[in-house]
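**Student:** There's a structure below that I have some questions on.
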Amino acid sequence: MAGRAWSSVLMYLSPRRVQREGTTPDYRFSLANERTFLAWVRTGLALLAGGIAVDQFLTELAPGVRVTVAVALLATGALCTLHAVRHWVRCELAMRRDRDLPSSRFPLLLGLTAGTLGTVLAVAIVVGGLR
């Protein structure tokens, strides 16, 4: 059991291990998977930048609101970049094993989080979150 778990971890850390699985898919599909990976990373970086911006530039916002939103954006950005790696590996393995691509609830989680944080910020600014 531990050996199998370690093998799964190594799969995420070594693209060569992924390449040993199944058969090589059409390169266009692998390139599309890489573009999706890069899109997730860009989204994660934008969330990280947003968290830093909220903390540094919304200084007139109530400290509790500012810190909460900034930390939530930073955590979501970090999760998004980690999800990028996981999603790339899962899709690449599915293609190599000639299986259906995996589904994910992460886009829903990301959308709900971004929408909630945006709403919290808007309400805090309009209703008096300013000092």
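**Student:** In segment 67-93, which residues have a backbone nitrogen under 20 Å from the label point lying 7 Å from Ser14's Cα in the Cα-to-Cβ direction?
**Tutor:** So the set is 85-93.
**Student:** A further question on this structure: Describe numerically, in nm with one decimal, the distance between label points set 7 Å from Cα along Cα→Cβ at Val127 and at Phe57.
**Tutor:** 2.5
**Student:** Using θ = phi - 60° and the Karplus curve 6.51 cos²θ - 1.76 cosθ + 1.60, what whole-Hz ³J(HN,Hα) does each residue of segment 115-121 get, with Gly and Pro shown as x?
**Tutor:** Each residue of segment 115-121 in turn: x, 5, 5, x, 5, 4, 5 Hz.
**Student:** A further question on this structure: Taking all protein chains as present, what is the carbon and sulfur share of the accessible area of the chain, in % to the nearest whole number, probe 1.4 Å? Please report the intermediate quantities before stating the final value.
**Tutor:** Working: 5640 of 8700 Å².
Carbon and sulfur: 65 percent of the exposed surface of the chain.
**Student:** Tell me, in nm to one decimal, what length is gained between Ala49 and Asp26 on full extension, where the rule is 0.36 nm per residue of separation less the Cα-Cα distance?
**Tutor:** Residue separation times 0.36 nm, minus the Cα-Cα distance, leaves 4.8 nm.
**Student:** What number, rounded to the nearest 500 deg cm²/dmol, is the helix-based mean residue ellipticity at 222 nm of the chain, given -39500 (n - 2.57) per DSSP H run of at least four residues and division by all its residues?
**Tutor:** Dividing the helical sum by the residues of the chain leaves -27500 deg cm²/dmol.
**Student:** Once you charge only the Cβ atoms, +1 for Lys and Arg and -1 for Asp and Glu, what is the size of the charge dipole of segment 2-112 about its Cα centre, to the nearest 20 debye?
**Tutor:** 440
**Student:** Also, I was wondering about something else. Between Leu74, Leu110, Leu13, find the one with the highest GNM mean-square fluctuation for the chain; connect C-alpha pairs within less than 10 Å.
**Tutor:** Checking each option, the largest mean-square fluctuation is seen for Leu13.
**Student:** Here's a follow-up. With a cut-off of 8 Å between alpha carbons and a minimum separation of six or more residues, what is the relative contact order of the chain in percent?
**Tutor:** Values: 113 pairs, mean separation 40.5, N = 131.
The normalised contact order for the chain reaches 31 percent.
**Student:** Provide the per residue accessible area, probe 1.4 Å, for the chain, rounded to a whole number of square angstrom.
**Tutor:** 66
**Student:** Please list, in chain and number order, the residues 5+ apart from Ala62 or on another chain whose amide H is under 5 Å from its amide H, with Hs placed from the backbone.
**Tutor:** Leu130, Arg131
**Student:** Along the positive direction of the dipole of segment 30-131 (beta-carbon charges: Lys, Arg +1; Asp, Glu -1; about the Cα centre), which of Ser30, Met95, Ile125 reaches farthest?
**Tutor:** Positive-end residue among those listed: Met95.
**Student:** Explain nothing, just compute: Karplus ³J(HN,Hα) = 6.51 cos²θ - 1.76 cosθ + 1.60, θ = phi - 60°, for every residue of segment 28-35 in order, whole Hz, x for Gly and Pro.
**Tutor:** 5, 6, 5, 5, 5, 5, 5, 5
The values are calculated or read from the model by the stated rules, or taken from the named source; none is laboratory data. Just so it is clear, the structure is predicted and the values come from calculations on it, not from any experiment. Glycine also receives a Cβ, built like all others from the backbone with ideal geometry; neighbour counts cover every protein chain displayed. When the accessible area is computed, the model is the full protein with side chains, heavy atoms only, and any ligands, DNA or RNA have been set aside. Shrake-Rupley method; radii C 1.70, N 1.55, O 1.52, S 1.80 Å.
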